[in-house]
Amino acid sequence: MDEQLTDAPPEVSRGLPGWALLAIAVAVIAVPVIVGVILINTGDSSSPVVDAGGASEAGGMGGASDGMGGGMGGSDDAGGDSTSPVAIVERPAGVLAFSEIQAGDMVLEASGDGMMLLVTTTIDVACAVAYGPTEGLGAIATDTDMAGGGHTDHSPVMRGLESGVDYFYMVQGIGPDGTLYQSDLMRFTASADIVVAPAVDPPAPNIAALARVRDASSEYSDAFGASNAIDGDLATEWSSAGDGDDAYIVLEFDNRVIVEGVGFRTREMSDGTSLTTSFTITVDGGETYGPFDAGPGLAVALVDFAGYRIRIDVATSTGGNTGAIEVEIYGEEEM
């Protein structure tokens with residue numbers, strides 16, 4: 001599949017390649033969560049408490065909490081007041097405060113089924129954010145910039161959120177010279193503007209992991225390969241190279257499968273492009289089902305067929321580098 005760049009021009013790598021910077025950033029941000037170096041401050045009124053509406057309780061700290069650059073900004077619906085203290089990160093030696101490279105405020109905006117964190121840095125960095133419903137976090141969102149290298153405008157999307165629920169998050173960056181930057185632990189309330197597809201319970205177990213990608217219309221780059229669509233990881237995605245409504249992916253099983261449903265979780269860009277609004281399903285090169293509505297979040301199409309090869313086509317979209325965060329096949333192998 002020929003690689004093309006359409007949504008954004010490639011950026012010139014400085015130092016380590018972009019994929020290496022991003023991999024290191026993700027690994028480093030995960031380590032404090034895994035080994036538990038986050039220290040809970042239960043009695044200090046100076047612990048930073050941040051919400052997405054701009055409130056920051058710094059107590060005796062004499063300013064905005066680290067990593068915030070003076071407040072969040074953004075929609076009032078993006079967060080709510082809170083007075084519970086949050087954890088402060090004990091940074092390993094050599095890891096600097098994210099505020100040292102932050103330019104302006106961080107902003108949280110509803111984006112599909114999640115929240116997009118918009119932040120600008122004064123130097124090129126690969127950026128990631130760890131987040132979750134507790135101080136233990138548990139999920140990682142990487143930057144959605146298609147070029148994949150270090151840059152200054154960042155927009156990672158924290159997916160799978162529920163509106164009105166409080167979440168904690170920590171921002172991490174790695175510069176081209178290998179320097180690591182990390183914010184304190186912060187909190188926001190998920191916006192009421194989060195949009196999800198109509199709830200439809202999957203009719204059977206997801207067996208997509210048993211399949212392999214037989215073909216795809218194109219891949220934007222190795223980092224956005226088609227196999228990402230069936231890896232079970234919401235932090236990765238398949239992106240076509242500007243295929244728009246012509247994007248497709250073909251999955252193939254070794255054994256015949258009986259399918260009761262197909263799930264499609266579209267990717268999307270911060271400018272509104274790349275969003276799949278409907279898709280079709282073709283079995284073994286024959287009968288086609290759909291189109292089925294898609295949109296932010298998981299769309300589940302109820303079907304009834306058996307076969308070896310399943311092709312998913314984007315029927316309508318907002319254009320650009322369409323693709324999928326995940327494709328799920330609900331059913332079982334035929335015995």
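The values are calculated or read from the model by the stated rules, or taken from the named source; none is laboratory data. If you're wondering where the values come from, they're calculated on a predicted model, not measured in any experiment. Note: ideal-geometry Cβ built from the backbone for every residue, glycine included; neighbour counts use all protein chains shown.
Checking the conditions here, which among 295, 286 is in a loop (DSSP other than H, G, I, E, B) and either within 26 Å of the chain's Cα centre (by Cα) or buried (at least 20 other Cβ atoms within 10 Å of the Cβ) (or both)? Write out each step before concluding.
Numbers: 286 fails: either within 26 Å of the chain's Cα centre (by Cα) or buried (at least 20 other Cβ atoms within 10 Å of the Cβ) (or both).
Answer to the check: 295.
Exactly one condition in (1) in contact (Cβ under 8 Å) with a residue 60 or more places away in the chain; (2) within 15 Å of residue 324 (Cα to Cα); (3) not basic (Lys, Arg) is not met by residue 279; state its number.
(1)
Look at the range 86-115 and say how many of its residues are of a type in the set (A, V, I, L, M, F, W, C), surrounded by fewer than 22 Cβ atoms within 10 Å (Cβ to Cβ), under 17 Å from residue 186 (Cα atoms) and at pLDDT 85 or above.
3
Residue-wise test of (1) within 19 Å of the chain's Cα centre (by Cα); (2) under 27 Å from residue 165 (Cβ atoms).
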position: 194; (1), (2): yes, yes
position: 202; (1), (2): no, yes
position: 238; (1), (2): yes, no
position: 249; (1), (2): no, no
position: 257; (1), (2): no, no
position: 264; (1), (2): yes, yes
position: 268; (1), (2): yes, yes
position: 281; (1), (2): no, no
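Of the numbered conditions (1) of a type in the set (Gly, Ala, Ser); (2) crowded, with 17+ Cβ neighbours inside 10 Å; (3) without any contact (Cβ under 8 Å) to a residue 60 or more places away in the chain; (4) over 22 Å from residue 209 (Cβ atoms), residue 301 fails exactly one; give the number of that condition.
(4)
If I filter the range 205-228 for residues that are outside the structural domain of residue 116 (by TED's automatic domain parsing), among the aromatic types (Phe, Trp, Tyr) and touching a helix residue (DSSP H, G or I) at 6+ places or on another chain (Cβ under 9 Å), do I get at least one hit?
No, the range 205-228 contains no residue that is outside the structural domain of residue 116 (by TED's automatic domain parsing), among the aromatic types (Phe, Trp, Tyr) and touching a helix residue (DSSP H, G or I) at 6+ places or on another chain (Cβ under 9 Å).
Look through 301, 209 and report the one residue that is under 24 Å from residue 319 (Cβ atoms), in contact with a Gly (Cβ under 8 Å, 6 or more places away or on another chain) and aliphatic (A, V, I, L, M).
Only one candidate qualifies: 301.
Select from the range 242-254 the residues that are of a type outside the set (D, E, K, R), surrounded by fewer than 23 Cβ atoms within 10 Å (Cβ to Cβ) and out of contact with any helix residue (DSSP H, G or I) (no Cβ under 8 Å at 6 or more places or on another chain) and write down the one among them that is nearest to residue 329 (Cα to Cα).
250
Condition check: polar (S, T, N, Q), modelled with pLDDT of 95 or more and crowded, with 17+ Cβ neighbours inside 10 Å. Does residue 278 satisfy that?
Yes.
Out of the range 122-136, which residues are surrounded by 16 or more Cβ atoms within 10 Å (Cβ to Cβ) and without any contact (Cβ under 8 Å) to a residue 60 or more places away in the chain?
123, 131, 132
Conditions tested, residue by residue: (1) closer than 25 Å to residue 241 by Cβ; (2) surrounded by fewer than 23 Cβ atoms within 10 Å (Cβ to Cβ); (3) modelled with pLDDT under 90.
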{"site": "141", "(1), (2), (3)": "yes, no, yes"}
{"site": "150", "(1), (2), (3)": "yes, no, yes"}
{"site": "163", "(1), (2), (3)": "no, yes, yes"}
{"site": "192", "(1), (2), (3)": "no, yes, yes"}
{"site": "206", "(1), (2), (3)": "no, yes, no"}
{"site": "217", "(1), (2), (3)": "yes, yes, no"}
{"site": "223", "(1), (2), (3)": "yes, yes, yes"}
